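All of the numbers you see were taken from the coordinates with simple rules; none came from a lab. This one's a predicted model, so the numbers in the text were calculated from it and none came from an experiment. When we count neighbours, we look across all protein chains shown, and the Cβ atoms used for this are built from the backbone with ideal geometry, even at glycine.
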Amino acid sequence: AEAAALWQQAAELATAAGNEASTDLAEATAILWFHAGRLWHECGELDRAYAALGQAVARGGRDLPRAQLLLADLAYALQDPEAATFYYRQALHAGQVPPSLRASVYLRLAELSRQRDDGHGEEQALASAVEAGGGAQAWPLLAELFARRGDLSRRAMAQVAWADHLPPDQQAALLFEAAPHAPDLLLSRIDDQLIALATDDEAVRDRVMARN
């Protein structure tokens, strides 16, 4: 906390000196605020961290590594969903989100979209999470989203994709649930997977025989 307080004091002095007239000095002031915010965050002083990082970004530090991602995480922790959504999107746009964290950021954006009943935004964020390697977490949420809409065909598609991320002993139940609402091409794949899982189901055998 002492180090954070010292960085904050330096940032406040630089701000009071009116360094914003010079681009270089303004950037230096933003860096001071950024380090104060980072250290407050490490100390668990979330309100102080949020305020300091906000100062850093406002003073031209939006391109500092992880500045906007840290702000987004803090806004989320402090239950400010609008700010969290804004800063997560800014962090993604600025390339501040490491590849290993992109899926989790999109999942959080989906959660925030759902909180404000933005189904389109939720679906887009979940689709992006899948593309970023978060299919194991995103496909169940997409299946749930499609179920809420009453779109059982798309729910079936999501369930089949979800099953690919499950261990074999958990796949069959999900595939059986998807089968009644699956389009024909998808149903063929479901049946093939169920047979490969050694499930003994008369309806599955009948459908396979009918196609052969």
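The calculated FRET efficiency for the pair ALA196 and SER104, based on their C-beta separation and a Förster distance of 25 Å, comes to about 0.20.
Projected label points at ARG189 and ALA3, each 7 Å from Cα along the beta carbon direction, are separated by 5.0 nanometres.
Sorted on the mean count of surrounding Cβ atoms within 10 Å across their residues, most packed first, peptides 59-71, 80-92, 173-185 read 59-71, 80-92, 173-185. Considering only GLY121, ALA138, LEU185, the residue lying farthest towards the positive end of the dipole of the range 102-190 is GLY121, judged by Cα position with unit charges set on Cβ. For the range 98-173, trypsin sites (Lys or Arg not before Pro) meeting the loop criterion (DSSP other than H, G, I, E, B) and having at most 16 other Cβ atoms within 10 Å: ARG116.
The calculated FRET efficiency for the pair ALA147 and HIS120, based on their C-beta separation and a Förster distance of 25 Å, comes to about 0.90.
According to the square roots a ≥ b ≥ c of the eigenvalues of the Cα gyration tensor, what is the shape class of the range 20-123, taking rounded for a/c under 1.5, prolate for a/b larger than b/c otherwise, and oblate for the remainder? Prolate.
Here the range 70-212 is treated with +1 on each Lys and Arg Cβ and -1 on each Asp and Glu Cβ, and its dipole about the Cα centre works out to around 320 debye. Taking every C-alpha pair closer than 8 Å and separated by at least 6 residues, the mean separation divided by the residue count of the chain gives a relative contact order of 9 percent. The alpha-carbon atoms of the range 1-78, seen along their principal axes, cover 34, 25, 16 angstrom, with the largest extent given first.
Suppose R0 equals 35 Å; then what is the FRET efficiency for ALA203 and ASP80 from their Cβ-Cβ distance, rounded to the nearest 0.05? Given R0 = 35 Å and the Cβ-Cβ separation, E is 0.10. The alpha carbons of the range 162-212 occupy a box of 29, 21, 14 Å along the principal axes, longest dimension given first.
Legend: Rg and Dmax of the range 104-212, from Cα coordinates, 15.2, 48 Å.
Highest mean packing first, where packing is the average number of other Cβ atoms within 10 Å per residue, the peptides 186-193, 164-171, 50-57 line up as 50-57, 186-193, 164-171. Annotation: extensible slack from LEU46 through PHE176 equals 42.1 nm (criterion: 0.36 nm per residue apart, minus Cα-Cα distance). For the chain, the residue among LEU74, LEU175, ALA11 whose Cα projects farthest onto the positive side of the dipole built from Cβ charges is ALA11.
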